[in-house]
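Below: one structure, written as structure tokens.
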Amino acid sequence: MEALGLRDDMGDKSALAAHNSLQLIAFSIGEQTYGVEITTVREIRAWNGATPLPNTREFVRGVINLRGTIVPIFDLRARFGDGQTTPTKNHVVVVMSVGDKWVGILVDAVSDILTVSRDDIHNVPEGNSIDTELLNGIVTHDSRMVGLIDLHAVVSGAKVDA
Amino acid sequence: MSDLDDFKATYFDECSELLTELEEQFAAIEAGERDADRLNAVFRAIHSIKGGAGAFGFSALVGFAHAYETLLDYVRDGRIELSDDVVVLCIRANDIVADHVKAAQTGDALPAEYGLDEKARFDALARGDSIGDDDDSGGEPMDEFDIDFTPVMVRLDAAEDQSEELPDTFEMPPMQAEAGHWEIRFTPYRALYARANDPLLLFRELAALGEMHVRAILGEVPPLSDFEPFAVYCSWEITLVSATLTEAAIREVFEFVDGDCDISIVQVGSQGTASAAIIAPPAFVDAELARLRSQEQNLMALADDEMGELLSFTPEPAPAAPTIQDNFEAAPALSFAELAETIQPKAAPQTAAKANPPKPTLVPAAPADGEESHGRSVGVQSIRVDLDKVDRVVNMVGELVITQSMLTQQMDETLRARYTELVRGLEVLAQTTRGLQDSVMAIRAQPVKSVFSRMPRLVRELANKTGKRIKLETIGENTEIDKTVIEQLSDPLTHMIRNSADHGIETPEKRSAMGKPEIGTVRLSAEQAGGNILIVVEDDGAGINRERVLQLARDKGIVAPDANLSDEQIDQLIFAPGFSTAEALSDISGRGVGMDVVLSNIKKIGGSVHVRSWTGKGTRMTLRLPLTLAVLDVMLVKVGESPYVVPLSSIVETIQCSRASFERVPSGERVLQVRGEYVQVIDLAQRFNMAGGSAHDDRFVVLCEAEGSHKVALIVDDIIGQQQVVIKSLEENFERVDGIAGGTILGDGNVALIVDVQGLKTAIVHKNAA
């Protein structure tokens, strides 16, 4: 349940952050890197199991107890249609606030904190509907492609259609 | 001024209580209990509302309440007969007062003409009855009370000087010493006010005994900075002149405040000269005293403009006035005595005409008033506590209960054998926490009366609108339920009663044709049954027209055309969304939202609704509500590998699958036979799409009772035990999940889901019907 130390290497990078730039938390699913804006992230914790919720889609992994409130966990890999993650203690849950709700996202690992310029954000190429649905944009960082996650889209449509 | 805001909040709290009381009193009055106690209670309530409103400067409210109070006063002393019309007018007046209070609370302004009609009717009533009846009330009774009290600055701390300084300000009738000249010194203690006694009433009674002059003694009033709002600083000297007066008669007036005040009664000889600073004819004594008293109590809260008015009217000593005004903010140590006011009647010529003592018609009522408030106030010892504070305690106790049950779970046999003292300690802890929990819940519990008391007028209005004759009976209104539940109860109950009155009860002609009494009865009752509260709305009307309900439900696509429903299932359809059977949409019910709202509101607070109907005989709707919302007694079970909890209140029994007798109905569905009854079976593992062992014999049947003695058998993989849990919302961070009523956190920190027994059952019915 230990929170990962995130703040250690931030000192010089945050100095670079001008108002036109964006700080992201980057995390990986397999070979892919995704990012969310750092201000939405509330907490990062190791995977410690979740209570499954019935009658929900496969990407809803269940709910966990976060200091007395119940928080749902979404499996990002499954959300992208690549099948459920088989989580281990090394997997990570990123707890974020979406609107006034708190949700957790299950990812393989948290890799970095990135500072990118808003001007460098590209539109998602038309094509795969899941990508365009779930991503807000794409940025390149150190010649890696980082998909910006649209959290509202990720957490919607969780219930099994009646 | 945040203190003032606090006072205001308290005032509005009190107003809502007082308005509720008004409803109750009028319900009783309407039912024929027209005794003095009721009227006095009404009078008191309106008076309290008016008093506070004056302090905060809600002038519209004061104006209306004042006119209303005057009417009540006339009714109370018999000048106006309490006819049905007057009662109806009063009930309407209560609404207007409530609207004014609400407007004052929200800061919205009501239209200026709001309530004027009623006010005019008060006037008309008061005038019509009093002409030629009472000299003192004259032709303009409202004016008597609406007089502008012109505040006059006097230095009451130097009363003797003043009578010389201000010889023209007051009319000073010569006081002749004569037989039956009495001087009374009356010094109330704080307890007198605390018991809701009112010196004003005493003075009114005294005024009836003879010619009276009253002088308020304000010498003890401290500087404003030391002023304590609830302290008593004012005492009075009363001179009473009547040839036939005896001491016993005076004593009798003070009988009910005996012990709560100092009274000295002296018959004055030839030297008895009144050193009165304030002399007013009896008709104004009341008003003057009320004014003084409210001044005393509310000085702290005096609105600035009122203060300005007070000061600007100061004729003597003139030079002091600007100084006071200028320094008012800067000089909080201003003496109250300097601020005190006296009353100068607006129309001096009328004064003489009104100088005759009022007819002593109020005498019988007043002692009853004193007696009632005396008796009632003794038992009431309460404090006001912010609900948030109580909730914080409730939440912490909830967590404590869970920790305690977690500790108990940790005790295994070896530990038990080894640490007997620890075991004993845990047992005591369990008892104490349970006791603590019950006590805390009792703090939140309130009698359902607060909701029930709104219903009589609803029924009355409905009866008027529909032209039916309806009688409402309420039973068990002292049953206590959690405050949150009560708050959620008002809308559903209103809808249910509307439904009964509008759809259930027939017109008088129809009823008599069917051999029923012309007056229909709606019975509203509350009782506690185990861990639940049952609230029943029953009527002796026509009952549910099942054919029509079914037809409508089919037309509206709520059930499939070929669905075969039992009578009870049809009855239950009236709660389906979008369903309404009223042929003519009335403005009372029939928009097809009512009963749907009932179900969803009740479900939201963890309750259930059941309806039973007997054609031609009536309908009974039963609300089953939890006693408390915070902590739930549950059975912890396993479905697949996940923990689930089932509310203990809905469990009838548990059976091992190997001992249960299952049958199959033609559709292939499994049913459970238990004591001759066939019960629908829901395999939770299947229902929740979980890989559960299908080896039947190790599993368990949890027989649950859903709405209205409908049973359903849940099959679970294991039964772990019984415990108490705190309900947590899933919707807070997620959304509603079918078949799940919420979540809870177990002693080991994991989340367990609460099975929504009724939801599972309903889902199946809909599936069958669709």
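Here are some notes:
- Here the relative contact order of the range B:631-769, from alpha carbon pairs under 8 Å that lie six or more residues apart, stands at 28 percent.
- Average projected area [Cα convex hull, the range B:1-99], square nanometres: 5.9 nm²
- More than 26 Å apart - percent of Cα-Cα pairs taken over the range B:631-769: 19 percent
- Only helices enter the 222 nm calculation for chain A: every DSSP H run of n ≥ 4 contributes -39,500 (n - 2.57), and dividing by all residues gives -2500 deg cm²/dmol, rounded to 500.
- A Stokes-Einstein calculation at 4 °C with viscosity 1.567 mPa s, built on the Kirkwood radius of the range B:485-552 over Cα pairs, returns a diffusion coefficient of 94 µm²/s.
- Sparsely packed GluC sites (Glu not before Pro) within the range B:475-521, loop by DSSP, other Cβ within 10 Å at most 12: none
- Assigned charges on the beta-carbon of Lys, Arg, Asp, Glu; the range B:448-626 dipole about Cα centre (debye): 280 debye
- Relative contact order [Cα under 8 Å, 6+ residues apart], the range B:1-131, whole percent: 26 percent
- Reduced Cα scattering model of the range B:448-626, Debye log10 I(q)/I(0), q = 0.10, 0.16 Å⁻¹: -0.37, -0.96
- Rg/Rh ratio calculated on Cα atoms of the range B:424-532 (Kirkwood radius): 1.21
- Filtered GluC sites (Glu not before Pro), the range A:20-80: DSSP coil and at most 10 other beta carbons within 10 Å: A:Glu31
- Table column - 3J(HN,Hα) (Hz), the range A:95-111, Karplus curve with 6.51, -1.76, 1.60, x for Gly and Pro: 8, 10, 9, 10, x, 9, 10, 9, 9, x, 10, 8, 10, 6, 6, 8, 9
- Estimated translational D of the range B:387-446 in µm²/s (Stokes, Kirkwood radius over Cα pairs; 25 °C; 0.890 mPa s): 195 µm²/s
- For the range B:489-561 versus the range A:89-103, the spacing of their alpha-carbon centroids is 48 Å.
- Between A:His91, A:Gly62, A:Ala78, the Cα set farthest toward the positive side of the dipole of the range A:8-155 (charges on each charged residue's Cβ, about the Cα centre) is that of A:Gly62.
- In whole angstrom, the range A:8-155 maps to an equivalent ellipsoid with semi-axes of 25, 18, 14, each derived as √(5λ) from the alpha carbon gyration tensor and ordered largest first.
- Values of log10 I(q)/I(0) for the range A:15-86 across q = 0.13, 0.22, 0.24, 0.29 Å⁻¹ run -0.50, -1.12, -1.23, -1.40, by the Debye formula with one identical scatterer at each alpha carbon and no solvent.
- Taken about its Cα centre, chain A carries a charge dipole of about 640 debye when Lys and Arg each add +1 at the Cβ and Asp and Glu each add -1 at the Cβ.
- Given B:Lys449/B:Lys516; B:Lys468/B:Lys510; B:Lys483/B:Lys711; B:Lys516/B:Lys617; B:Lys102/B:Lys603; B:Lys465/B:Lys556, the pairs whose alpha carbons are separated by over 21 Å: B:Lys449/B:Lys516; B:Lys483/B:Lys711; B:Lys102/B:Lys603; B:Lys465/B:Lys556
- Convex hull volume of the C-alpha atoms in the range A:107-152, normalised per residue: 104 Å³.
- The HN-Hα couplings worked out from phi for the range B:439-447 by the Karplus form 6.51 cos²θ - 1.76 cosθ + 1.60 (θ = phi - 60°) are 5, 5, 5, 5, 5, 7, 6, 9, x Hz, whole numbers, x standing for Gly and Pro.
Every read-out reported here was derived from the displayed coordinates using simple, explicitly stated rules and does not represent laboratory data. Because the structure is a prediction, the values reported are computed rather than measured. For neighbour counting, all protein chains shown are included, and Cβ atoms are generated from backbone atoms with ideal geometry for every residue, glycine included.
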